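Have a look at the structure below before the remarks.
Laboratory data are not the source of any read-out in this text; all were calculated from the coordinates shown. These numbers were taken from a predicted model, which means no experiment stands behind them. With ideal geometry, Cβ positions are generated from the backbone for all residues, glycine too; neighbour counts draw on all protein chains shown.
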Amino acid sequence: MLTFEEARKIISDRLVENSKSLDGDSLVILDHLTIEKPYGWIFYYDSQFWHNQNRDTKYIYAGNVPILVDKQTGNQIPCNSGNNEIAYEYEEKEKMWNLFFDRK
C-alpha cells in the first residue's frame, strides 16, 4: 500500500516529464485541492506561471485533468474534470456506500 508521500512523488515525477515541452514553465501539484479517498488520492495540478505568478491567459494549461493514484496498485488514472466519474466507479467497485440526491 502506498503512502501519501509516495503517491505524490509518482504524480510529481509525471508532471516533471510532462513539463519538458512547456518552454520554461512547469506543472505543479495544487496540494490544497488534493482529495483523499479510501482507495487513493486525487491530485490536481496546473501551470506554475498561471497559478503562482500572473494569471495571464497565455499560460493556461489546457487538458490538466485531475489524476487518481490508487493506494493499492499505484496506478494513475486521469479523472474527468467536470465530475469524478472515475472516483464514482472506484467507490462502486470497492463497495463504498454513498448517498446522492437526484435534483430532478
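Putting +1 on Lys and Arg Cβ atoms and -1 on Asp and Glu Cβ atoms, find which of PHE4, ILE42, VAL28 reaches farthest to the positive end of the dipole of the range 4-93.
VAL28
PHE4 to ASP31: extension gain in nm, 0.36 nm per residue of separation minus the Cα-Cα distance?
Gain on extension, PHE4 to ASP31, equals 8.6 nm.
Applying a 10 Å radius around every beta-carbon, put 33-44, 69-80 in order of their mean neighbour count, most first.
33-44, 69-80
Check the range 4-93 and count each lysine pair with an alpha-carbon distance under 20 angstrom, considering only pairs eight or more places apart or from different chains.
Pairs that pass both the separation and distance tests number 7.
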